[in-house]
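Report on the structure given below.
Bear in mind that the values in this text are calculations on the coordinates, not laboratory data. Just so it is clear, the model here is predicted, and its values are computed rather than measured. FYI the Cβ positions are ideal-geometry reconstructions off the backbone, even for glycines, and counts take in every protein chain you see.
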Amino acid sequence: MLISDKQLKQMKTDYESCSKTVSELAIEYGIANGTVYKYLNKIKAKMRVGKFTIGNNAWANLTPEQVMIRKKKFSDRMRTYNPMFNPDIQKRRAFDEKRRRGATGRLTHRERRLLIEEVGKCERCGIKDPLTVHHRDGNRYNNNRINLFVCCYNCHYLVHRKIREERKQPNRCGW
């Protein structure tokens, strides 16, 4: 569809004055959004700045009180809808996951991380980082706390290769 020069000038003023969006202009003139952009570029309309460009910071114009209010609203929304920030949703999802995979399912990353944070160091040599979880009986589906053992990667390697350290350490984990 061809648009007259008068309509192009009107489109340009409506767009530059921020009274209408590209979508609204497309509906008004019965053309696609991309075609509106082509016409605006053709008549050299001043294009609006994108959302994430340098110098286009809407928060810079706010007072510190307004910024705090926005941050609080954002964090409330995150806590409500995002499972990463909502402990109730996390518990429900963990319960559903355990029910879905059964009592003998594999250890999840979250369970592994929480166990490592709880213990905090290798139960064999005392190194604090990096740590992993070992199953004493070798059954990766047996996730009873008694069966799980936090150890560093070196000790984990030694366990699986059945190599004993030369030092005489008390064997606390029953290897």
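Among the residues of region 23-34, the ones that are in a helix (DSSP H, G or I) and surrounded by fewer than 16 Cβ atoms within 10 Å (Cβ to Cβ) come to 6 in all.
In this structure, Asn143 qualifies as in a loop (DSSP other than H, G, I, E, B) and among the polar types (S, T, N, Q).
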